[in-house]
Amino acid sequence: MLSSRLIPALCAAAWTLAAPAAEPGRPAAPAALMPAPVAPVAPPSAGTAAKPATERQDIRAQLSPQRYTTLAAEIGAKVNRLPVPEGGSFKPGQPLIVFDCSLQTAQHNKARAALSGAEKTYAVNGRLAELGSIGKAELAVSESEVGKNRAEVAAMAAMLSKCSVAAPFGGRVSEQKVREQQYVQPGQALLEIIDDSVLELEFIAPSRWLSWLSAGHAFKVRIDETGKSYPAKVLRIGAKVDPVSQSVKLAAAINGKIPELIAGMSGTVLLAPPADQGQ
């Protein structure tokens, strides 16, 4: 049972909850706390509008070779020599990899000897056929042997032609992926080579610059590694505009061959719209 002291307290609490709003002249109950109104933020004016990130940041670019490729083995053999070291220069047609093809050479000689024997047999059978000593079937068999051995000689000659890998263009060896006396499999990567006669620049610019920027436009680029600026010109403009960043990719080239510049260096493109074009 409830204590006699609790009954009056419970009744008073129930009367308080059921009481109507305060009458005039009486102090009102404290109002519930409400969040303070937030003052509206005025939109930025046209003069203080933020510029796109591509215009507020430096336009970066990296030097890359105009042509580059990876040379791979076309036969399974042991690497005999690598005449050009890493970083070394070479000319078009110069041997870059030489394989040990002693086995292929022996097989080629064997095929040539077999062809010589088949040709002699065919010649003898031809004379015997004229005398009626052998039939046409035997002559046809000896003729087919000649054709078979000729094909074998041609196949071995093609194999020997792959025992040396020549440079497809002039340039430099950027990386050796194998070492001398190492056995390689067909298709295995051997060398990475680049053509550094022309160094290209790739960078991204605001698409609105297309109103005045075109192929052949001259500008300068400051290379970080040398701390110098070099003349360049736009070679190509990307085929499409990135709809998200509103930017376009461009390719340019350094004017002339500068020995102190190598592929992989990076820098800042010193390119800005003309004064009458704005940003």
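The values are calculated or read from the model by the stated rules, or taken from the named source; none is laboratory data. Everything numeric here is computed off the predicted structure, so don't read it as measured data. Every residue, glycine among them, receives a Cβ derived from its backbone with ideal geometry; neighbour counts consider all protein chains shown.
Going by what's in this entry, would VAL248 be described as touching a helix residue (DSSP H, G or I) at 6+ places or on another chain (Cβ under 6 Å), assigned by TED's automatic domain parsing to the domain that holds ARG60 and assigned to a strand (DSSP E or B)?
Answer is yes for this residue.
Give, as residue ranges, the strands (runs of 3 or more DSSP E) completely inside region 157-240 that count at least 1 residues that are more than 30 Å from GLN107 (Cβ to Cβ) and in contact with a strand residue (DSSP E or B) (Cβ under 6 Å, 6 or more places away or on another chain). Lay out the reasoning, then the answer.
On the way: elements: 164-166, 171-176, 189-206, 218-223.
Correct list: 171-176, 189-206, 218-223.
Listed here are the residues, each with its yes/no results for (1) closer than 30 Å to GLY264 by Cα; (2) surrounded by fewer than 13 Cβ atoms within 10 Å (Cβ to Cβ); (3) touching a Leu at 6+ places or on another chain (Cβ under 6 Å).
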{"site": "ALA77", "(1), (2), (3)": "no, no, no"}
{"site": "GLY87", "(1), (2), (3)": "yes, yes, no"}
{"site": "VAL98", "(1), (2), (3)": "yes, no, no"}
{"site": "THR121", "(1), (2), (3)": "no, no, no"}
{"site": "GLY126", "(1), (2), (3)": "no, no, no"}
{"site": "ALA129", "(1), (2), (3)": "no, no, yes"}
{"site": "ALA137", "(1), (2), (3)": "no, yes, no"}
{"site": "VAL146", "(1), (2), (3)": "no, no, no"}
{"site": "ALA157", "(1), (2), (3)": "no, no, no"}
Check: What are the residues in region 100-147 that are in a loop (DSSP other than H, G, I, E, B) and touching a helix residue (DSSP H, G or I) at 6+ places or on another chain (Cβ under 7 Å), if any?
Finding: CYS101, ILE134
Notebook entry, point to check: Identify, please: which residue in region 156-173 is of a type in the set (A, V, I, L, M) and more than 29 Å from the chain's Cα centre (by Cα) and is, among those, farthest from GLY88 (Cα to Cα)?
Noted result: MET156
Check: All but one of (1) part of a strand (DSSP E or B); (2) surrounded by 15 or more Cβ atoms within 10 Å (Cβ to Cβ) hold for LEU261; which doesn't?
Finding: (1)
Margin query: Every residue in region 159-172 that is crowded, with 16+ Cβ neighbours inside 10 Å and either without any contact (Cβ under 8 Å) to a residue 12 or more places away in the chain or in contact with a Leu (Cβ under 9 Å, 6 or more places away or on another chain) (or both), please.
Written below: VAL165, ALA167
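Residue-wise test of (1) in contact (Cβ under 8 Å) with a residue 40 or more places away in the chain; (2) surrounded by fewer than 16 Cβ atoms within 10 Å (Cβ to Cβ); (3) closer than 15 Å to GLN62 by Cα.
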position: ALA215; (1), (2), (3): no, yes, no
position: ARG222; (1), (2), (3): yes, yes, yes
position: GLY227; (1), (2), (3): no, yes, yes
position: VAL234; (1), (2), (3): no, no, yes
position: LYS240; (1), (2), (3): no, yes, no
position: SER245; (1), (2), (3): yes, yes, no
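Does VAL153 satisfy the criteria of being within 27 Å of the chain's Cα centre (by Cα), more than 30 Å from ALA252 (Cβ to Cβ) and surrounded by 15 or more Cβ atoms within 10 Å (Cβ to Cβ)? Give the steps one after another, and end with the answer.
On the way: within 27 Å of the chain's Cα centre (by Cα): no; more than 30 Å from ALA252 (Cβ to Cβ): yes; surrounded by 15 or more Cβ atoms within 10 Å (Cβ to Cβ): yes.
Taking the combined requirement at face value, the residue does not satisfy it.
Given the criterion exposed (fewer than 15 other Cβ atoms within 10 Å of the Cβ) and out of contact with any Lys or Arg (no Cβ under 9 Å at 6 or more places or on another chain), identify the matching residue among GLU180, GLU175. First the steps, then the outcome.
Numbers: GLU180 fails: out of contact with any Lys or Arg (no Cβ under 9 Å at 6 or more places or on another chain).
Being exposed (fewer than 15 other Cβ atoms within 10 Å of the Cβ) and out of contact with any Lys or Arg (no Cβ under 9 Å at 6 or more places or on another chain) holds for just one of GLU180, GLU175, which is GLU175.
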Item checked: One residue from GLY87, GLY117, GLY135, GLY126 being over 38 Å from the mean Cα position of the chain (by Cα) and more than 28 Å from MET156 (Cβ to Cβ) -> GLY135
